[in-house]
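All remarks here apply to the structure that follows.
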Amino acid sequence: MSYHTYITEALVCGSKLSMTSDKSYLLYTRRMGMLWATARSVRLEKSKQRYALQEFSLIRVSLVKGKGGWRIGSVDALGNPFLEASTRSQRAGVHAVLKLLRRLVHGEEACHVVYDEVLRALTRLSGSAPGDLSVLQDVFALRLLHMLGYIAPDEAYMGILDAPDPYTQAGQLPERARTAIAQALQVSHL
């Protein structure tokens, strides 16, 4: 029986140990959305995949869907925003973005727009000034919640939602935007 191999970019959002030397990874992929995939013998010292599959890594991965779920084939490391961040607060910002992503995105449904937004936010956060971090996190939360349908457009923050790259000219968020984020997170029940 032949299985189809899917090659896609992915973000490593989490992991858990399984069996003696295997590990399961939560991947947010460009083509399939959020999914769990298992890598065999990745915890062994001789494994070539173990360094590419670190938390927060951006990877190109080949996945195979089998009877027991997704399996990881080959992996190429493309970068790691967490390791590229130079300060502790930048690393905390990268962690906060992926934590919000894990909270709000579930299931195997591809959304290229959300994937690109996450990459844009991670790139900007890992190289930003310490004073900009909370504003950039709020801009990401506002845009992500809008893309997922939790926040309706409003004149107070429409410029942030429509901007092609709002992270470069991010200023203070309007109070209505902060209120919309808080209400959306409460209403989402996630």
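Details
- Relative to the longest principal axis of the Cα atoms of the chain, the long axis of helix 88-104 lies at roughly 80 degrees.
- Ranked Arg178, Arg124, criterion: other C-beta atoms within 10 Å, fewest first: Arg178, Arg124
- The chain shape via C-alpha gyration tensor axes, a/c threshold 1.5: prolate
- The stretch 1-90: trypsin sites (Lys or Arg not before Pro) falling in loop per DSSP and having at most 10 other Cβ within 10 Å: Lys46, Lys48, Lys67
- Computed about its Cα centre, the charge dipole of the chain is approximately 1040 debye, with only Lys, Arg, Asp and Glu carrying charge at their Cβ.
- For the stretch 5-79, the relative contact order comes to 32 percent (Cα pairs under 8 Å, sequence separation of at least 6).
- Listed by chain and number, the lysines whose alpha-carbon sits under 18 Å from that of Lys67, ignoring those within fewer than 8 places in the same chain, are Lys23.
- Crossing angle, helix 133-147 versus the chain [Cα axis fit, 0-90 degrees, rounded to tens]: 80 degrees
- Mean separation of Cα pairs under 8 Å and 6 or more residues apart, divided by the residue count, gives the stretch 49-190 a relative contact order of 18 percent.
- The chain: most fluctuating residue of Ala52, Ala37, Ala156 per GNM, C-alpha cutoff 10 Å: Ala156
Read-outs throughout are calculated quantities, based only on the coordinates presented, and are distinct from any laboratory measurement. All values derive from a computational prediction rather than experimental measurement. As a convention, Cβ positions derive from the backbone with ideal geometry for all residues, glycine included, and neighbour counts pool all protein chains shown.
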